[in-house]
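See structure below.
The values are calculated or read from the model by the stated rules, or taken from the named source; none is laboratory data. Quantities reported herein were computed from a predicted structural model and do not represent experimental measurements. In this analysis, Cβ positions are derived from the backbone assuming ideal geometry, glycine residues included, and neighbour counts consider all displayed protein chains. Keep in mind that these areas ignore ligands, DNA and RNA; they rest on the heavy atoms of the full protein, side chains included. Shrake-Rupley method; radii C 1.70, N 1.55, O 1.52, S 1.80 Å.
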Amino acid sequence: MSRTRHRSIVNVGMTATVAVLRACEGLITVAYLLKVLGAENFGIWALISTMAAYLLVLDLGIVGALGRLLAGHRGTGDIEGFNRTLSTALTLLTGAGAVTLLAAVGLAEIFPLIFHVPDHQLADVRTALIIAGVWAALYFPTSVFDVVLWSHERFDLSSLIEMPIIGLRLSLILLLIHEGSPLSHLAAIGLTANVTMVTLQAACAWWVEPRLRPIPGVMSRAALREIYPIGVWFSALSMARSLTQQIGPTLVGHSLGNRAVATFSIARQLTTYCATVMLSLTQIAAPRAAVLFFGRHGDEQKILFVGGGRAATVLALFFAGGFLSLGAPFISVWQGGRQDAAFAPLVVLMLGEAFPMAQGVTYSILTAMGRHRTLARFAMMEGICTLCLAALLMRPFGVLGVCCAIAVSATVFRGLCPWLLACRLLGVAPLAYLRDAIAPVVVCCCGAILLIVMMTAEWPVRGWISLIGYGALYAALYLPACAFLLLGRGALAPAKSLIHRLRIS
């Protein structure tokens, strides 16, 4: 096995493990916080997190541009250009961090004017927002170390760092957050965990690349000419996507109240966990896509596009099918029957995210090819479409109307448009892609969903044990069939080897 293939397998395994741990942490945290804080306070905390996410758009696309440029310098062996670009980005991100901190202070003052906050919680909410702003300000300059690991395809190290941080953050929440705890304590726990993580990332970045020389204050014109054309459109792309992500909770919180935010957040959170797992796995293809593009390996790009799209579709439909067939009993058991209304919004959001999640590798290929401008335009159109549709549908349909607006916009502008663009650029016929990468997986998914739905109708879920059993059955039906689609007869090799050994024994 080649070193590159071995590294890819390790990266996939480690990244998948961290993504699952992150999702488990989120599920435990959300259920615990809803229980101890109540729906009203949890809704306020969800809005604080939403406002903090707005602050992260102020990086001006530098982080996204930096990853592509560092991968390119690494591919050509240009360590001088690597350090020059890194130092220039570090200077720009330090300035962005200072602006972010000022914006957080202003946001803390206007937050009570936008959303309902009880008078006795005003000081606590403002403190929590400022703490979130401190982390956002620190994130910008320290993110360069994570990008260094990314450019060297060391997702395994990033995963090893994040695993104990997940445990630390969850332990602190369970130990320190109780009924009546200030929301600022939650924000402080997040800040502590994140500072610990970036410190470890910096140490690993120097271990991976001992020649690393980031110098704050350095501004190279050559590096600026590299960063600016990509960074402008990466900025527009990240800003549009971040703002689009926050439109839902902002509109719901402003028009429907904090309790409606809690219901919406349950559905969105589950969808986000699935999207995060998909992003964690498909981003492994991003450095490889950059290397193939700069190396002008067109045929290998096509293989990555179709093969990676098939694998991503398998995972995307695995999550979508699982929540469609078992989402209602899962939410009921997970939340103790308190948030059953979140199932319908979850179905709508999951259906809308299925095709965009399946195009994670497509996104990596397009960014490697320098198509940031087009992707940014798609993201802007998604945001405008989401806002307009949500404004039209929210009054007659409430939370479900907002979810429909998000789902339709995501499918069109984050799924179909990038996919058609990649098909055209790489010379792949859309019908051939659908036939080879999508249709067989859809057939397997529909079969597994139908069987699980029929069984749960006859023998309903009664608790965690039966829910886990049905989940295992769904995976046992779906994944082997998809493995055969991905690997062909090679998928049967482990079973044949085991049978052969048993016969010998």
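Look at segment 111-126: where a residue is within 14 Å of Glu40 (Cα to Cα) and a partner is among the small types (Gly, Ala, Ser), sitting 6+ places away or on another chain with Cβ atoms under 8 Å, you get Phe115/Gly253; His116/Gly257; Val125/Ala108. Applying the condition of being farther than 25 Å from Thr271 by Cα and of a type in the set (Lys, Arg) to segment 19-77 and asking which residue is modelled with the highest pLDDT yields Arg74.
Selection of segment 44-70 for residues being closer than 17 Å to Gly253 by Cα, in contact with a Phe, Trp or Tyr (Cβ under 9 Å, 6 or more places away or on another chain) and not β-branched (Val, Ile, Thr) yields Ala46, Leu47, Met51, Ala52. Taking the criterion of being closer than 23 Å to Met278 by Cα and either part of a loop (DSSP other than H, G, I, E, B) or basic (Lys, Arg) (or both), the only residue of segment 374-408 that qualifies is Arg377.
Rundown of residues vs (1) in contact (Cβ under 8 Å) with a residue 24 or more places away in the chain; (2) in a helix (DSSP H, G or I); (3) loosely packed, with under 15 Cβ neighbours inside 10 Å, yes/no style:
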| residue | (1), (2), (3) |
| --- | --- |
| Ala410 | yes, yes, no |
| Trp419 | yes, yes, no |
| Arg424 | no, yes, yes |
| Val428 | yes, no, no |
| Pro440 | yes, yes, no |
| Ala448 | yes, yes, no |
| Val453 | yes, yes, yes |
| Ala476 | no, yes, yes |
| Pro480 | no, yes, yes |
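Screening Pro216 on (1) modelled with pLDDT of 90 or more; (2) farther than 30 Å from Glu353 by Cβ shows it passes everything except condition (1).
Looking only at residues of segment 337-356 that are assigned to a loop (DSSP other than H, G, I, E, B) and touching a residue at least 60 places away in the same chain (Cβ under 8 Å), we find that the one that is most open to solvent (accessible area, probe 1.4 Å) is Arg338. Looking at segment 27-40, I want the residues that are surrounded by 15 or more Cβ atoms within 10 Å (Cβ to Cβ) and among the polar types (S, T, N, Q) and have a partner that is at pLDDT 85 or above and in a helix (DSSP H, G or I) with Cβ atoms under 8 Å, at least 6 apart or on another chain. Which pairs are those? Qualifying pairs under 8 Å: Thr29/Leu170; Thr29/Ile173. Just so you know, in segment 430-484 the residues that are within 22 Å of Ile303 (Cα to Cα) and among the charged types (D, E, K, R) include one that is modelled with the highest pLDDT, and it is Arg435.
Screening Gly401, Gly415 for residues that are of a type outside the set (D, E, K, R), touching a helix residue (DSSP H, G or I) at 6+ places or on another chain (Cβ under 9 Å), without any contact (Cβ under 8 Å) to a residue 24 or more places away in the chain and open to solvent by less than 10 Å² (accessible area, probe 1.4 Å) leaves exactly one candidate, Gly401.
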